[in-house]
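Working notes, structure below.
Bear in mind that the values in this text are calculations on the coordinates, not laboratory data. As the structure is a prediction and not an experimental result, all values here were calculated from the model.
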């Protein structure tokens, strides 16, 4: 019985951490409404740094140990967060780009996006409100 209870508890926690939809969000005045998954992957791995209009894209990230970051990294980027950090470290070392700022939670990501017209980040789908525009949903 204890084993069954433990399995149910683990299953519920896993679903809460890894079974949620992730919204890729931007400032409401961001010039593009939808961005393809392949472009998002290039943006979040530092390979695409400019919008079609020439403006610089600003990426934001969640903490390394955040379950949403783990889920996002695996589902969109097909990489463990440590591999994503390694990609950004190479870009920093080569002088190409700096790693994105790390913010503690969805609320701070939304606050940061409101100050950065060309910013892009990700939050839990249930954290969406009118302060951000959703450009992609990852299931």
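Miscellaneous remarks
- In degrees, nearest ten, helix 81-93 long axis to first principal axis of the chain (Cα): 20
- Cα-Cα separations in the chain greater than 26 Å, expressed as whole percent: 24
- Cα-based helix-to-principal-axis angle, 106-115 vs the chain, degrees rounded to 10: 10
- Build a GNM of the chain with springs between Cα atoms under 10 Å apart, and of 127, 94, 29 the one that fluctuates most is 94.
- Within a Gaussian network of the chain (alpha carbon springs, distance under 10 Å), most fluctuating of 20, 107, 36: 36
- Among 24, 96, 60, the largest mean-square fluctuation in a Gaussian network model of the chain (Cα springs under 10 Å) belongs to 96.
- On Cα atoms only, tilt of 2-18 relative to the major axis of the chain in degrees: 10
- Calculated [θ] (222 nm, deg cm²/dmol) that DSSP helices of n ≥ 4 give over the chain, each run adding -39,500 (n - 2.57): -13000 deg cm²/dmol
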